[in-house]
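Input: a single structure, listed below in structure tokens.
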Ligand SMILES: [Zn+2]
């Protein structure tokens, strides 16, 4: 694919991204199953989680990609899926007769359409995969700073910023990051909120795993995200149960740069309820090798500022239209760097990681 074709994979809206992916799926001869939401999108469009199956129906090995678990991150991750479908013939040759590709387009279609990272209920899907029958994880550090993160007025006054700084400056840096981003279950209108029960996306995603993935031999999964780390760099974050054997396999496939949240080598921190729990807890017998491919965009301080603004706006729906527009645009810009260089970097690293996973699946079977 030449540079112009790669840049053309990226869409300005959920509706456009969905149309591009469905068209690429049709051209590749891939099967599509759409799960429509009972809600409409920003422009009145249908919202759906679309499953695109590219390869033999009876494949014993599967490479799955997921886009827009965090809605607004879908601008990049849907582009990657569209590109992988355009390269279907080449990837299918690499995959061989016993491996299929499954692209789950827009796990969080509402957030993608409405330009938010969270879902229709302000829930972060990547904190929602907890066992709601058990006591929910506590996050006392978040409880301390919630009122400072989301003050009554926006932009926050000098007193607010000083109070927040005074509190978090006493913490070691990772503690402040953990407090905000690891997930919290106490403030439904707050940041990185995990919810009170399984969301629509959570339930549909578990169903799809049981229907499409259960019973196969080996699942590889690349879960695509943006917003953490240096701009344009795709960090490969180990997203499996942490056993030496699985980590070694992931590094054999994707290189020694595969990072881990538990050891501090990742720009992310351990999360409450990531979507990978659906496989780890839901299909414990399945052989599974996965990463989050997380592309950097803007510095972390900037990211936190725009996420606070976005949540403030959610709490103040009658905010002045001009302020609301700036907040929405800033959020999108923080997750989607609309430059050719960034888009080309996103695509080349995703294609490489996909090829590596397909080779890895084949080699793994040969090794037994
Ligand atoms: Zn994300």
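Where a number appears in this text, it was derived from the coordinates with a stated rule and is not lab data. Worth saying up front: this structure is predicted, and the values here are computed from it rather than measured. All Cβ positions, glycine included, derive from the backbone under ideal geometry; neighbour counts span all protein chains shown.
Rg and Dmax of the chain over Cα atoms: what are they, in angstrom?
According to the Cα coordinates of the chain, Rg and Dmax are 19.9, 63 Å.
On C-alpha positions alone, give me the angle between the axis of helix 140-149 and the longest principal axis of the chain, in degrees, nearest 10.
In the chain, helix 140-149 runs at an angle near 70 degrees to the longest axis.
What is the helix-to-structure angle for 74-86, meaning the angle in degrees between its Cα long axis and the longest Cα principal axis of the chain, kept from 0 to 90 and rounded to the nearest 10?
10 degrees
From the C-alpha gyration tensor of the range 227-368, pull out the three semi-axes of the equivalent ellipsoid (sqrt of 5λ each), sorted largest to smallest, in whole Å.
34, 18, 13
For the chain, what does -39500 (n - 2.57) per DSSP helix run (n ≥ 4), summed and divided by total residues, give at 222 nm, in deg cm²/dmol to the nearest 500?
Helices in the chain give a 222 nm mean residue ellipticity of -13500 deg cm²/dmol.
Stretched out fully, how many nm does the piece from residue 133 to residue 36 gain, at 0.36 nm a residue minus the Cα gap?
Result for the pair: 32.2 nm of gain on full extension.
Would you calculate the separation in nanometres between label points at residue 143 and residue 7, each defined as 7 Å from the Cα along the Cα-to-beta-carbon direction?
Computed distance between label sites residue 143 and residue 7 equals 5.1 nm.
Over the alpha carbons of the range 1-45, what is the largest minus smallest coordinate on each principal axis, giving the biggest first in Å?
38, 25, 9
Just how many % of Cα pairs in the range 95-175 lie over 17 Å apart, if you round to the nearest whole percent?
Result for the distance tail: 70 percent.
Dividing the alpha-carbon radius of gyration of the range 89-237 by 2.2 N^0.38 Å (N being the number of residues), what value is obtained?
Dividing the Cα radius of gyration by 2.2 N^0.38 Å gives 1.31.
Counting DSSP beta bridges in the chain, what percent are antiparallel, to the nearest 5?
Within the chain, antiparallel bridges account for around 40 percent of the total.
So, in Å, what gap is there between the alpha-carbon centers of the range 312-333 and the range 270-309?
25 Å
Running Debye on the range 1-149 with equal point scatterers at the Cα sites and no solvent, what base-10 log of I(q)/I(0) appears at q = 0.14, 0.19, 0.21 Å⁻¹?
Calculated log10 I(q)/I(0) at the listed q: -0.73, -1.10, -1.23.
Put one equal scatterer on each alpha carbon of the range 160-203, apply the Debye formula with no solvent term, and list log10 I(q)/I(0) at q = 0.27 1/Å to two decimals.
Normalising to I(0) and taking log10 leaves -0.99.
Taking the Cα-to-Cβ direction at residue 262 and at residue 162 and moving 7 Å from each Cα, how far apart do the two end points lie in nm?
With each label placed 7 Å out from Cα toward Cβ, I get 4.4 nm.
Can you compute the FRET efficiency between residue 316 and residue 359 using 1/(1 + (r/R0)^6), with r the Cβ-Cβ distance and R0 = 51 Å? Round to the nearest 0.05.
Given R0 = 51 Å and the Cβ-Cβ separation, E is 0.50.
What is the angle, in °, between the Cα long axis of helix 340-367 and the longest principal axis of the Cα atoms in the chain? Nearest 10 is fine, range 0 to 90.
50 degrees
Can you give me the Kirkwood hydrodynamic radius for the range 283-359, using every pair of distinct Cα atoms, in Å to one decimal?
15.4 Å
Going by average Cβ density within 10 Å per residue, which order do the peptides 33-40, 329-336 take, highest to lowest?
329-336, 33-40
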